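In what follows, a single structure is set out as C-alpha cells and then discussed.
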Amino acid sequence: MPRTGTLSYRKLTSKGRTLNQHRRRIDQVLDPEFIEAIEQVPLDELRRRRSTCDELDGELSYYRRLLHGRMDLLSFEMRRRSGEESRSLLEALPDILADGDGEGSPYFMVPKSLPVEPPDTPDEGRRSIDRVLGDDFLAHLTEIEDEELRSIQLTLTDAERRVSDQRRSVYEVLEILTREVARRYRDGLASVTELLDQ
C-alpha cells in the first residue's frame, strides 16, 4: 500500500503544476511550497528542482554581468565629463572591461564562467530587468544629458540590487535542496548510482 505522505505529495504537485505553468521560474523557486515537506519529495522531482535553481542562477549571473557592464561604461562617461578622465570611451574600453571581474564578491556572488551563447531565458520580456537591458542608451551615451545619465545610473543600480537579492535567495533554496540530497545519501535512502546520475 502506498504511503499516505506520497499520495498527498502527488496530489499537491499535480495541482501545483497546473497552477505553476504560467508562473515565472523565479516565483516558483521562491514560493515557500517549493521546499515544503521536502523530505517527501521523490528523488527525480528533487533533481528537477535543483536543476531549475541551477539554471536560474546561471541566468541571473548572466543578467548581473550585463548590468555591471552598462554600469561601468556609464560610470566612466560620468567621470570623463567631470574631468577625472582624459581618455575617450573607446580608448578606455579595454580597461573598463578588464576591471569587471567581480573580485571581492561573497561566495554566492562569484561570477560563473559564461557560455558563448546566452542562457535560455524562457521568462525573457516578462520582467523589469528585460526592459532595463533593452534600453539602447549605450548607442548614444555621449549625447545624453547629465540629468538623464544620473537617472539611468539609479535605474541600473536598483536593477542590479534586485537581481543580486534574487540570486542570493535562489542560492539559499539550492543549498536546502543539496542538503536534502546529501541527507538521503547519508541515511541510505538514495543509491550512489542515483546520485551520480544527477
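Other residues whose C-beta falls under 13 angstrom from the C-beta of residue 81 contribute a net charge of -4, scoring Lys and Arg +1 and Asp and Glu -1. FRET efficiency for the pair residue 183 and residue 162, taken as 1/(1 + (r/R0)^6) with r the Cβ-Cβ distance and R0 = 35 Å, rounds to 0.60.
Taken together, the values in this text are just the output of simple stated rules run on the coordinates, not laboratory data. Because the structure is a prediction, the values reported are computed rather than measured. Please note: Cβ atoms are built from the backbone with ideal geometry, for glycine as well, and neighbour counts cover all protein chains shown.
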